[in-house]
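Enquirer: Quick one: structure below, then a few questions.
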Amino acid sequence: MLNGLQEENRDFTVFPSDAADQFRAQDGKLVNASAGQEYRAFVLPMCEALPIETARLLEAYVRQGGNLAILEKVPRYAMKREQDGELKELMERILAYPQTVFFETVDTRQVLEWLEAVCPRELRILEGIRTCKKNFAHYPDWVIDPYIHTGEDLDGISWTVFEGERTNYYFVNYTDREQEIVAEVPSGMRPEIWDSLTGEIREADVLEKGAGAVYRVRMRLPKGYGIFLVTSKSIA
């Protein structure tokens, strides 16, 4: 599933089992109390044992409107036997909320469709390569590793979102030739292209500006390194 999310350019954070004290539920989101990152969807795959602190956090999260997908198994055991009863009660309440969904199998396509419904991405690729495939030519079929390594057989285009005062989309072209894509993105400013190799900053090639400050942009992606599409915060 991690590989499938990466191939579809879906950013994610792996939630460690002991990380509950680093997060709080707020306005239907999970918020990292130290760094401030906000998460609008949580996927709980194949989990039979769950720390009671995480279950309490998830119950508060869905109670406030947070989106939760549980895959294949519903947790039955806490880390301490005397907490199993509380965990069962928490999971019953969590499953009763309408924004909690349960998938009987770990189906990456189902998860991707669910993610697109509950937290659609602001940037859409309209033309050109949409995904970044990992072909694992250097590993046997049974190896599952979501990270990119030197010498790995990659293809397609990868893109990642960095949010701060501006929203920066970082595109890397892993094919053997220049690629062209057309993307649609909201922005309060005319989008810019920042070249990570030359340092050049230029206005993006805007094909159309639509309602709600949504720009349709043509980008030429050089092979072998990345460029940034820089926008301002989205316009409501």
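Enquirer: Show me, for the range 110-126, the HN-Hα J-couplings you get by feeding each phi into the Karplus relation (A = 6.51, B = -1.76, C = 1.60, θ = phi - 60°), rounded to Hz, glycine and proline as x.
Expert: 4, 5, 5, 5, 5, 4, 5, 6, 8, 9, x, 6, 6, 8, 10, 8, 8
Enquirer: If you count the DSSP beta bridges with both ends in the range 5-80, what percent of them are antiparallel, to the nearest 5?
Expert: Here the antiparallel bridges make up roughly 50 percent for the range 5-80.
Enquirer: For the range 1-87, what is the accessible area per residue in Å², given a 1.4 Å probe and the full set of protein chains? Mind dumping the intermediate values first?
Expert: On the way: 4570 Å² over 87 residues.
Dividing the accessible area of the range 1-87 by its residue count gives 53 Å².
Enquirer: Averaging sequence separations of C-alpha pairs under 8 Å and six or more residues apart, then dividing by the length of the range 39-139, give the relative contact order as a whole percent.
Expert: Once normalised by length, the contact order is 29 percent.
Enquirer: Computed over the Cα atoms of the range 17-130, what is the convex hull's projected area averaged over all directions, in nm²?
Expert: 8.0
Enquirer: What are the aspartates and glutamates whose alpha-carbon lies under 15 Å from the alpha-carbon of Lys73, with same-chain residues fewer than 8 places away excluded?
Expert: Filter leaves Glu48, Glu92, Glu104, Asp107.
Enquirer: Straight-line reach from Lys223: which lysines have Cα under 21 Å away, leaving out those fewer than 8 places along the same chain?
Expert: Answer for Lys223, where 21 Å is the Cα cut-off: Lys133, Lys134, listed by chain and number.
Enquirer: Let me ask you something else. Work out how much length Arg218 to Phe103 would gain on full extension: take 0.36 nm times their residue separation and subtract the Cα-Cα distance, in nm to one decimal.
Expert: 37.6 nm
Enquirer: Quick one: grab Rg to one decimal and Dmax as a whole number for the chain, Cα atoms only, in Å.
Expert: 20.2, 62
Enquirer: Rank-order 18-24, 31-37 by packing density, defined as the average count of other C-beta atoms within 10 Å over each peptide's residues, highest first. The partial results should precede the final answer.
Expert: Working: 18-24: 15.0, 31-37: 11.0.
Result, highest mean first: 18-24, 31-37.
Enquirer: Given a 1.4 angstrom probe, I'd like the percentage of the accessible area of the chain that is carbon and sulfur, rounded to a whole number.
Expert: Whole-percent figure for carbon plus sulfur exposure: 48.
The values are calculated or read from the model by the stated rules, or taken from the named source; none is laboratory data. Worth saying up front: this structure is predicted, and the values here are computed from it rather than measured. When we count neighbours, we look across all protein chains shown, and the Cβ atoms used for this are built from the backbone with ideal geometry, even at glycine. Just the protein is used for accessible areas: all its heavy atoms, side chains included, with ligands, DNA and RNA removed. Shrake-Rupley method; radii C 1.70, N 1.55, O 1.52, S 1.80 Å.
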